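Just below is one structure, and these are the notes that go with it.
Every number here is computed from the coordinates shown, using simple stated rules; none is lab data. Every value quoted in this text rests on a predicted model; they were computed, and no experiment measured them. All Cβ positions, glycine included, derive from the backbone under ideal geometry; neighbour counts span all protein chains shown.
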Ligand code: CO8
């Protein structure tokens with residue numbers, strides 16, 4: 001058996017951003033427009049008027065201050081309220097492949113690896129822009145990588161589930177240099193017309209290179225152990241899919257074809273699940289709270305992360321111990337914990353232990369215990 005290690009990581013940040021102020025202005029204009037267009041039905045009591053969103057609520061409920069997006073076109077237009085991304089010809093790189101490629105090249109540069117040395121590409125993401133051919137295979141081809149490639153979807157936990165899959169293959173010897181990419185175009189999946197969730201998501205791509213520890217060319221993170229778990233819930237759900245055409249009358253613009261969640265229930269049910277999962281993982285590996293130097297948590301909600309950090313460490317985390325990036329990126333689904341890891345890990349001293357944990361729809365939760373090595 002070989003010991004796996006993360007030898008490189010990278011983040012692609014889209015060139016455009018939207019502040020909470022811009023988001024709320026656009027949403028409120030949309031709500032006013034909707035209410036004017038539906039005034040008769042609202043007066044008759046057959047249609048509920050849309051209420052305004054607020055910057056104060058968004059920041060207080062989530063900690064989010066802005067989000068990055070692949071395009072601003074359409075999102076802030078009250079007559080559109082979704083991103084407008086021009087259709088690409090089959091011969092052009094897909095949006096996800098393009099995003100992933102940027103992050104992948106950064107991760108490979110950090111690992112000191114040539115793309116041709118990669119023999120496994122896993123594209124692990126919440127939203128895949130097509131069913132086939134696998135986006136991962138397109139990325140493999142654009143990189144000039146060898147071996148095999150496949151897509152995975154475990155919603156917000158996709159990156160840690162991908163890490164476990166890659167680490168297991170490195171351990172067994174079936175692959176030697178794995179690349180896990182997490183391109184997330186959340187903006188195209190989000191319902192911007194629903195004030196309960198219009199502020200939650202942003203776009204980004206992350207990448208990690210996983211190799212045999214003995215092959216590492218420089219500083220790296222040894223993967224001490226990984227653990228993944230799932231438990232079925234409908235509280236975060238999307239009903240879009242290829243069966244849509246087969247359901248009579250289902251082709252119109254239905255709310256359940258975008259991201260749906262019962263946020264309060266998710267909050268209440270996922271917090272204990274995640275806290276217990278991390279506690280069990282640490283206990284089984286003999287890692288005590290005092291042994292942990294850093295927590296790279298899923299980036300959905302600041303209050304949620306504050307709670308988990310306190311529960312895991314048994315005290316309020318010190319500044320920098322549990323870095324949040326959601327104020328700048330919002331919830332980037334599977335990529336969130338990897339952005340935090342990629343941006344806030346270089347400073348750790350040799351021998352330090354850290355934990356990545358992601359959680360979300362499914363429900364799903366995945367964690368990885370890492371040790372910094374030079
Ligand atoms: N402005 C002003 N008021 C608002 C707004 C708004 N924008 N939105 C809601 N309100 C109102 C509500 O109507 C409600 O009013 P009332 O009390 O009169 O009913 C009040 O504010 C409180 O609303 P909530 O109870 O909904 O507010 P919360 O404090 O619970 O905060 C959150 C809402 C932020 C959504 C919170 O519940 C939360 O973070 N929950 C956990 C969410 C989570 O972690 N989800 C993970 C999902 S991500 C995932 O798994 C990947 C899925 C696939 C990716 C999809 C890509 C798009």
Item to complete: Take each of the peptides 135-143, 280-288, 69-77, average the number of other beta-carbon atoms within 10 Å over its residues, and list them starting from the highest.
Response: 135-143, 69-77, 280-288
Worksheet, complete the sentence: Note on region 26-118: contact order normalised by length, alpha-carbon pairs under 8 Å, 6 or more apart, percent, works out to 20
Item to complete: Measure off 7 Å from each Cα along the Cα-to-Cβ vector at residue 1 and residue 252, then give the distance between these two points in nanometres to one decimal.
Response: 5.7
Worksheet item: Any idea what the relative contact order of the chain is, in percent, if you count C-alpha pairs under 8 Å spaced at least 6 apart?
Response: 23
Worksheet item: Do the sum for the chain: with -39,500 (n - 2.57) for every DSSP H run of n ≥ 4, divided by all residues, what is the mean residue ellipticity at 222 nm, to the nearest 500 deg cm²/dmol?
Response: -10000 deg cm²/dmol
Worksheet item: Among the DSSP beta bridges whose two residues both lie in the chain, what percent are antiparallel, rounded to the nearest 5?
Response: 75
Discussion item. At a 10 angstrom cut-off on C-beta neighbours, averaged per residue, how do the peptides 20-27, 87-94, 364-371 rank from highest to lowest?
Written reply: 364-371, 20-27, 87-94
Worksheet entry | Quotient of Cα Rg and 2.2 N^0.38 Å for the chain, N being how many residues it contains | 1.00
Practice prompt. Kindly put 85, 190 in sequence by how many other C-beta atoms sit within 10 Å of each C-beta, fewest to most.
Written response: 85, 190
Worksheet item: Separation of region 307-331 and region 4-32 by C-alpha centroid, Å?
Response: 20
Discussion item. Considering only C-alpha atoms, what is the centroid distance from region 171-185 to region 36-86, in Å?
Written reply: 37
Practice prompt. Using a/c under 1.5 as the rounded threshold, could you call region 266-331 rounded, prolate or oblate? The axes a ≥ b ≥ c are square roots of the C-alpha gyration tensor eigenvalues, and prolate needs a/b larger than b/c, oblate otherwise.
Written response: oblate
Discussion item. Please compute the alpha carbon radius of gyration of region 222-373, then divide it by the globular-protein estimate 2.2 N^0.38 Å. Two decimals is fine.
Written reply: 1.18
Worksheet item: Which residues in region 126-170 place their backbone N less than 17 Å from a point set 7 Å from the Cα of residue 269 along the Cα-to-Cβ direction?
Response: 155-157
Worksheet item: Want the number for residue 131 to residue 349: 0.36 nm per residue separation, take away the alpha-carbon distance, what's left?
Response: 74.2 nm
Item to complete: At 0.36 nm per residue, minus the direct Cα-Cα distance, what do residue 285 and residue 37 gain on full extension? Give it in nm, one decimal, please.
Response: 83.3 nm
Worksheet item: Where both residues lie in region 244-374, what percent of DSSP beta bridges are antiparallel, nearest 5?
Response: 60
Worksheet item: In whole percent, what relative contact order does region 222-373 give with Cα contacts below 8 Å and a gap of six or more residues?
Response: 35
